[in-house]
Amino acid sequence: MIFGFTEAQISGFFLTYGVGAFMLYMLFIIGQLAWQSKAGKFGTFVIFLGLGVGMVGFAAKFVIQWWLER
């Protein structure tokens, strides 16, 4: 037990919020890369589409998990 939390509680918290925060940070990084490389509208769309599909999958995991647990 660390600070009154079990290892499972800590890992569950960081897998949920830590990965979500990391994805938001990646959104910022990819936006910076698209802007600095002057990717254009279509290039920026493709870059964010790739990241968006991963984010939708991450969100869908929680919806499916919620659906199965109720």
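None of the figures in this text is laboratory data; all of them are computed from the coordinates on show. Everything numeric in this text was worked out from a predicted model, so none of it was measured. Counting neighbours? That spans all protein chains shown, and the Cβs are built from the backbone with ideal geometry, glycine included.
Output the Kirkwood hydrodynamic radius of the chain, Cα pairs only, in Å rounded to one decimal.
14.3 Å
Would you list Lys61, Lys41 from fewest to most Cβ contacts within 10 Å?
In order of increasing Cβ crowding within 10 Å: Lys41, Lys61.
Give me Glu7, Glu69 sorted ascending by neighbouring Cβ count inside 10 Å, so fewest comes first.
Least to most surrounded, the residues fall as Glu69, Glu7.
By how many degrees, 0 to 90 and rounded to 10, does the Cα axis of helix 40-69 deviate from the longest principal axis of the chain?
20 degrees
GNM on the chain, C-alpha springs below 10 Å: top fluctuator among Phe48, Phe14, Phe58?
Phe14
Taking the Cα atoms only, what angle lies between the long axis of helix 19-36 and the longest principal axis of the chain, rounded to 10 degrees?
10 degrees
Counting only helical runs of four or more DSSP H residues, what would the 222 nm mean residue ellipticity of the chain come to if each run contributes -39,500 (n - 2.57) and the total is spread over all its residues?
So the calculated ellipticity at 222 nm is -26500 deg cm²/dmol.
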